[in-house]
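The values are calculated or read from the model by the stated rules, or taken from the named source; none is laboratory data. Just so you know, these numbers come straight off a predicted model, no measurement behind them. Note that we place each Cβ from the backbone using ideal geometry, even for glycine, and neighbour counts take in every protein chain shown.
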Amino acid sequence: MSSHNESQDPGDVPAAIPTQPSRRRFLQSAAAAATVGAAPHLRAQTQTPTAPPAQVQQAVPSRPVTLTVNGRAYTLQLEPRVTLLDALREYAGLMGTKKGCDRGQCGACTVLADGRRINSCLTLAVMHEGENITTVEGLATNGVLSPIQRAFIEHDAFQCGYCTPGQLCSATALLNEFRNGTASTVTADVRSRPAQLSDDEIRERMSGNICRCGAYANIVAAVRAVHEGGGPVSGNDNPNA
Amino acid sequence: MDAISYERAGDVAGAVRAAQQPGAVFIGGGTNLLDLMKGGVARPMRLIDITHISGLDTVTTLPDGGIRLGALVRNSDAANHALVREQYPLLSQAFLAGASSQLRNMATVGGNLLQRTRCGYFYDTAFTQCNKRMPGSGCAALDGHNRTHAILGASPQCIAVNPSDMSVALAALDAVVRVSGPAGERTIAFADFHRLPGDRPDVDTTLQPGELITAVDLPPPLFSANSHYLKVRDRASYAFALVSVAAALQMDGGRVKTARIALGGVAHKPWRASVAEQMLNGQPLTQATLSNAAAAALREARPQHDNRFKVQLAQRAIVRAVNQAAGRAGGVA
């Protein structure tokens, strides 16, 4: 229960979520974590299954789960079924990571786990104890935006911005992966290191991140610019990526 | 998602023991299982997390010159492992053709073997007919949208296809699946691992209850110089195959010494085109020979009303993939 009640979201409750402001404010400031545990599952429990198993457990007790996110330890009281995405947003109060499809099809929830990009919606928080999680809030270093964050601004690589946190985390990992010589499905011959990070390579390697506004051309330009500029990808450069 | 219990297994024996509890299933990368749980298709009561078992996440060489992929090797790590890229480029290509970078970073080799079909009628519990999800309820795909469905080996009970790219390459390479269960360890030849639907489409594989996949073994690399994985899909990336072909050749000049051809997207399991292979073995690789072999591979095809295009598409994909494997550019059958 360290400092997860200190929201890193600098603003007050945004007007964009008019139906849930009290819940959001409550979640961000909750000290009674056990109480928090019951809230996010009301919807899930009211769904009507068509093929019920022999027994359905009505509830499984929550337990303390310690996650290291952006270098800080968060001890959260979680049921096992809480995804990493929901743990970050609803329990740790880190709203930067976005929930799009919640089914691994859009990439909005992309975060880095020990430097590797993953869909946080398709994994359980409890499975990530002991790892270093980096969310979009952790890409900047001491308030200085990372190169890919600056490039997204310079190249106008977003419109509505909803997919952007996932795009940024994904692009951060992409640049590290390419430097480590990884192949992709458009690499001419997987037996050799891909020669250059072509636009085709960027598009393929970013294909797990959907942008409904269609800012793809500028996203590719931003990634290309950082790659061609060299230098560190972020303050959380990780050799495992 | 229903409430679930969770425990971490420390070793294979512990995992196998834990899996004997009622409603228990293993979780690895979770990319398919959690998706199915969110949709109410899979409803386990207890997850046995196998991702912290040590020793199952490595790629090692075998005494016979083959390699062993631990069941917990992530798809991205398998695709980019030096031994896989250099000696089994077909498998590397197949891994890289699947899903997205994020999902490949999560999904494991063992989990990929157990991917369930992406048939929409299986996935959406609003449909009351699906013999795979609810045995005996019927198959909504037969009279429904079946553009992506099977053209080979289907049954009146189920026309779903296996979605894995990795498995198509493993079928072509004659991999062996190693499992550990309550009755001990055993190996399963790849051709015997996945099932055709028959009258039990709810059962995808020949794994016995409680068995845990521990590794996939590959025979010595015979095809590293001449192989190609071709995936045809509705968009350029991040989509399941309409048709895919894993082609692997041993060439002797312009003559085919040994051909291996497996198809994805056409059947309930990775489909070895054995007849086509036999028609190529020992023959000069001419376009006529190749076209005839491709036609023979689809002779038993029984398409559905929305997917007749797959029969010709699969033939053309075989021709293109084999030509690519042989280092030629040629395409159309």
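In segment B:212-230, which residues are part of a loop (DSSP other than H, G, I, E, B) and either surrounded by fewer than 21 Cβ atoms within 10 Å (Cβ to Cβ) or at positive phi (or both)?
Within segment B:212-230, B:P219, B:P220, B:L222, B:S224, B:A225 meet the criteria.
Go through segment B:51-95 and give me each residue that's hydroxyl-bearing (S, T, Y), touching a helix residue (DSSP H, G or I) at 6+ places or on another chain (Cβ under 7 Å) and part of a loop (DSSP other than H, G, I, E, B).
Listed by number, the list holds a single entry, B:T51.
Enumerate the pairs (first residue in segment B:29-42 and more than 8 Å from chain A (Cβ to nearest Cβ) and under 18 Å from A:R117 (Cα atoms); second residue anywhere and modelled with pLDDT of 95 or more and assigned to a helix (DSSP H, G or I)) with beta-carbon separation below 9 Å, excluding pairs fewer than 6 apart on the same chain, so at least 6 apart or on different chains.
B:N32/A:L122; B:N32/B:G111; B:N32/B:N112
Go through (1) touching a residue at least 40 places away in the same chain (Cβ under 8 Å); (2) surrounded by 20 or more Cβ atoms within 10 Å (Cβ to Cβ); (3) within 8 Å of chain A (Cβ to nearest Cβ); (4) under 30 Å from B:D202 (Cβ atoms) and name the single condition B:P89 misses.
Of everything listed in (1) touching a residue at least 40 places away in the same chain (Cβ under 8 Å); (2) surrounded by 20 or more Cβ atoms within 10 Å (Cβ to Cβ); (3) within 8 Å of chain A (Cβ to nearest Cβ); (4) under 30 Å from B:D202 (Cβ atoms), B:P89 misses just condition (4).
Regarding segment A:44-63, can at least one residue be identified that is at pLDDT 50 or above, more than 17 Å from the chain's Cα centre (by Cα) and assigned to a strand (DSSP E or B)?
So far as segment A:44-63 goes, yes, one or more of its residues are at pLDDT 50 or above, more than 17 Å from the chain's Cα centre (by Cα) and assigned to a strand (DSSP E or B).
Would you check which residues across segment B:1-17 are crowded, with 17+ Cβ neighbours inside 10 Å, within 14 Å of chain A (Cβ to nearest Cβ) and either in contact (Cβ under 8 Å) with a residue 12 or more places away in the chain or farther than 21 Å from A:E79 by Cα (or both) and list them?
Once the filter is applied, which keeps residues that are crowded, with 17+ Cβ neighbours inside 10 Å, within 14 Å of chain A (Cβ to nearest Cβ) and either in contact (Cβ under 8 Å) with a residue 12 or more places away in the chain or farther than 21 Å from A:E79 by Cα (or both), segment B:1-17 yields B:M1, B:D2, B:I4, B:S5, B:Y6, B:R8, B:A9.
What's the number of the only condition in (1) in the same structural domain as A:P80 (by TED's automatic domain parsing); (2) in contact (Cβ under 8 Å) with a residue 40 or more places away in the chain; (3) touching a helix residue (DSSP H, G or I) at 6+ places or on another chain (Cβ under 6 Å) that A:S120 fails to meet?
So the condition that A:S120 fails would be (2).
Which of the following residues is farther than 26 Å from B:L114 by Cβ, of a type in the set (A, V, I, L, M, F, W, C) and more than 23 Å from the chain's Cα centre (by Cα): B:A296, B:A288?
B:A288
Identify the single condition in (1) within 12 Å of chain A (Cβ to nearest Cβ); (2) more than 18 Å from A:I118 (Cα to Cα); (3) touching a helix residue (DSSP H, G or I) at 6+ places or on another chain (Cβ under 9 Å) that B:G144 does not satisfy, given that it satisfies every other one.
The single condition B:G144 does not satisfy is (1).
Would you say B:P197 is under 16 Å from the mean Cα position of the chain (by Cα) and closer than 20 Å to B:A247 by Cα?
No, not satisfied.
Could you check B:I50 against (1) within 12 Å of chain A (Cβ to nearest Cβ); (2) within 25 Å of A:G130 (Cα to Cα); (3) surrounded by fewer than 18 Cβ atoms within 10 Å (Cβ to Cβ) and say which number it fails?
B:I50 satisfies every listed condition except (3).
Take the residues of segment A:108-119 that are over 8 Å from the mean Cα position of the chain (by Cα) and assigned to a loop (DSSP other than H, G, I, E, B): which is farthest from A:Q149 (Cα to Cα)?
A:D114
Assess whether B:Q102 counts as being without any contact (Cβ under 8 Å) to a residue 24 or more places away in the chain, more than 11 Å from the chain's Cα centre (by Cα) and within 19 Å of B:F240 (Cβ to Cβ).
In short, yes.
So if I check each of B:P63, B:P22, which one is facing another protein chain (nearest Cβ under 10 Å) and either over 24 Å from the mean Cα position of the chain (by Cα) or within 17 Å of B:V177 (Cβ to Cβ) (or both)?
B:P22
If you check B:A140, B:A189, B:A160, which single one turns out to be within 18 Å of the chain's Cα centre (by Cα) and either assigned by TED's automatic domain parsing to the domain that holds B:V232 or buried (at least 16 other Cβ atoms within 10 Å of the Cβ) (or both)?
B:A160 is the lone residue from the list that is within 18 Å of the chain's Cα centre (by Cα) and either assigned by TED's automatic domain parsing to the domain that holds B:V232 or buried (at least 16 other Cβ atoms within 10 Å of the Cβ) (or both).
For segment B:231-246, does any single residue satisfy the condition of being part of a strand (DSSP E or B) and in contact with a Ser or Thr (Cβ under 7 Å, 6 or more places away or on another chain)?
Within segment B:231-246, one or more residues are part of a strand (DSSP E or B) and in contact with a Ser or Thr (Cβ under 7 Å, 6 or more places away or on another chain).
Which one is farthest from B:G98 (Cα to Cα), of the residues in segment A:179-221 that are within 11 Å of another protein chain (Cβ to nearest Cβ) and touching a residue at least 40 places away in the same chain (Cβ under 8 Å)?
A:N180
Does B:A71 satisfy the criteria of being farther than 30 Å from A:Q58 by Cβ, crowded, with 23+ Cβ neighbours inside 10 Å and without any contact (Cβ under 8 Å) to a residue 60 or more places away in the chain?
no
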